[in-house]
1. If you go through the stretch 191-225, how many residues are under 22 Å from residue 273 (Cα atoms) and not in a loop (DSSP other than H, G, I, E, B)?
2. Give the residue, chosen from 172, 195, that is of a type in the set (Asp, Glu), out of contact with any Phe, Trp or Tyr (no Cβ under 9 Å at 6 or more places or on another chain) and either under 21 Å from residue 432 (Cα atoms) or not assigned by TED's automatic domain parsing to the domain that holds residue 420 (or both).
3. Mind listing just one residue for me: the one in the stretch 25-46 that is under 20 Å from residue 70 (Cβ atoms) and in contact (Cβ under 8 Å) with a residue 24 or more places away in the chain and, of those, surrounded by the most Cβ atoms within 10 Å (Cβ to Cβ)?
4. Would the stretch 61-72 turn up any residue that is buried (at least 17 other Cβ atoms within 10 Å of the Cβ) and touching a Ser or Thr at 6+ places or on another chain (Cβ under 7 Å)?
5. If I ask for residues that are surrounded by fewer than 24 Cβ atoms within 10 Å (Cβ to Cβ), in contact (Cβ under 8 Å) with a residue 12 or more places away in the chain and closer than 25 Å to residue 155 by Cβ, which ones from the stretch 201-220 would you list?
6. If you scan the stretch 159-174, which residues turn out to be surrounded by fewer than 24 Cβ atoms within 10 Å (Cβ to Cβ) and among the acidic types (Asp, Glu)?
7. Between a residue in the stretch 74-99 that is closer than 18 Å to residue 116 by Cα and any residue that is of a type in the set (D, E, K, R), which pairs come within a Cβ distance under 7 Å, given they are 6 or more apart or on different chains?
8. Give 266, 298 a once-over and let me know the one that is touching a residue at least 40 places away in the same chain (Cβ under 8 Å) and closer than 25 Å to residue 330 by Cβ.
Amino acid sequence: MTRVQWAAIVATLVLWQRGLAAEPGEVSFFKDVLPILRAKNCTGCHQPAKRGGEYVMTEFASLLKGGESGEAAVVPGKPEKSHLIAQITAKDGKADMPKEAKPLSEAEVATIRRWIELGAKDDTPASNRPQYDAEHPPIYMAPPVLKSIEYSPQGDLLAVSGYHEVLLHKVDGSGLVARLVGQSERIESARFSPDGKLLAVSGGSPGRFGELQIWDVEKREMKLSIMIGYDTCYGASWSPNGKMVAVGCPDNTLRAFDPETGKQVLFSGAHNDWVLDTTFSVNSDHLISVSRDMSMKLIEVKTERFIDNLTSITPGALKGGLIAVDRHPTKDELLCGGSDGAPKIFKMVRTEARKIGDNANLLKEFAAMPGRVFGVAYNQDGSHIAAGSSSDGTGEVRVYNAADGAVVWKSEVPEGGIFTVDFSPDGKTVAAGGFDGDVRIYDAADGKLIKRFTPVEVSGKQVAAR
């Protein structure tokens, strides 16, 4: 036995003792097989919200049963009679599944085969078993923390993040229109496509998987589920031409996908910490991202090349990470907010030579809000900005005049922090949400609270609008 082989055995034994690996000689479904199915996006294409081939892999009994072929996908103890093995085994470098993707490696197929040989046991902890789908949506004992609110381009819907779902509401808060239930327990952002026909949803389950969902808004159907890494994804955004959706990831990467095929079309590792929000340039040729590493970065889409740090990289110039970003409706100017509480506008293209200590792309800094700014938004013509913040258990919503930086109005929210804001397409209202789970609709001109409502039923009773 070589030293390398011995080291591998020792490492496995250590992981087993810590409960992070199956016993030597055994294969765990939860720890060994399920991560493969997620990494290869098998569970994304075969789930209750998207039943590829009428095969569902996120529920164990359905995983064994199989799909429309009528053949048993998994026959415990008999891999040679298990249709799943035939589907994932490559011949001449190609396999039937994953469809139009790189086949599983020989080692991955061997792991699944060994699991079937050993009886195909389900060792998934009860807390990790799928619980929700369209027929069995979440039941709330308390309102969910709202991380995302967005008006549809037509101004007829309000997409609100929930637990395992996005809730589509009428914009006046008068009723729930649809519940888009998926795998991700945490929904970090829900963004309408430029034409309003699709909805991109970023989220995931912390420590297990990240996910980008693409929904058909009219049909209430999931078109794509793309599994990304092993933790929650953030800050989805559409390119203005509708051909790309970007997300930020906690592995410090920035990615973009084709919303029709799910193919990854951009990858960047320029950041040094979690990427929390993204937006595209007016012409869809550049992608902008903000991160906990206290920087806003510019990436060229065509080449996937890092172009510039739009914020100052001088130590101490920024006090804390950046959390949210939005682009001016018609100009390549970027509004961002973060840990220092002061919303700022930066130009996208540097026109001055870089100098040590400069912050030349900064166009405007607004008066600081209490705590951290978690959400920012431009109105429809770029004349005003909205921002939401959180500080020591309270929140605040503000609207500023973009030209002179004057505070038009502000509203304190003592019930908890504000994590998301958006202007209606006509610019007449501002929607905000946060820790207490309520949606607040304000008059954009004077800050008057027009409507406050809880977007979910709590303990079986709809909370009345206030």
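The values are calculated or read from the model by the stated rules, or taken from the named source; none is laboratory data. Predicted model, so just to flag it, every value in this text is computed and none were measured. Here the Cβ is made from the backbone with ideal geometry for all residues, glycine too, and neighbour counts use every protein chain on show.
1. Our first condition is that a residue be under 22 Å from residue 273 (Cα atoms); within the stretch 191-225, this holds for 201-212.
Now restrict to residues that are not in a loop (DSSP other than H, G, I, E, B): 201-205, 209-212.
Counting residues in the stretch 191-225 that are under 22 Å from residue 273 (Cα atoms) and not in a loop (DSSP other than H, G, I, E, B) gives 9.
2. Every option except 172 fails the conditions.
3. Taking the stretch 25-46 as the starting set, the residues that turn out to be under 20 Å from residue 70 (Cβ atoms) are 42, 45-46.
Add one more test, that the residue is in contact (Cβ under 8 Å) with a residue 24 or more places away in the chain, and what stays is 42, 45.
Values: 42: 26, 45: 22.
Only one residue tops the list, namely 42.
4. Kept after step one, since they are buried (at least 17 other Cβ atoms within 10 Å of the Cβ), are these residues of the stretch 61-72: 62-64, 66-67.
Narrowing further to those that are touching a Ser or Thr at 6+ places or on another chain (Cβ under 7 Å): none.
Checked against the condition, which is being buried (at least 17 other Cβ atoms within 10 Å of the Cβ) and touching a Ser or Thr at 6+ places or on another chain (Cβ under 7 Å), the stretch 61-72 yields no hits at all.
5. Of everything in the stretch 201-220, those that are surrounded by fewer than 24 Cβ atoms within 10 Å (Cβ to Cβ), in contact (Cβ under 8 Å) with a residue 12 or more places away in the chain and closer than 25 Å to residue 155 by Cβ turn out to be 214, 216, 217, 218, 220.
6. Matches in the stretch 159-174: 172 only.
7. Listed pairs, sorted by first residue: 75/81; 77/117; 79/113; 79/117; 83/71; 85/113; 87/96.
8. Working: 266 fails: touching a residue at least 40 places away in the same chain (Cβ under 8 Å).
After applying the criteria, what remains is 298.
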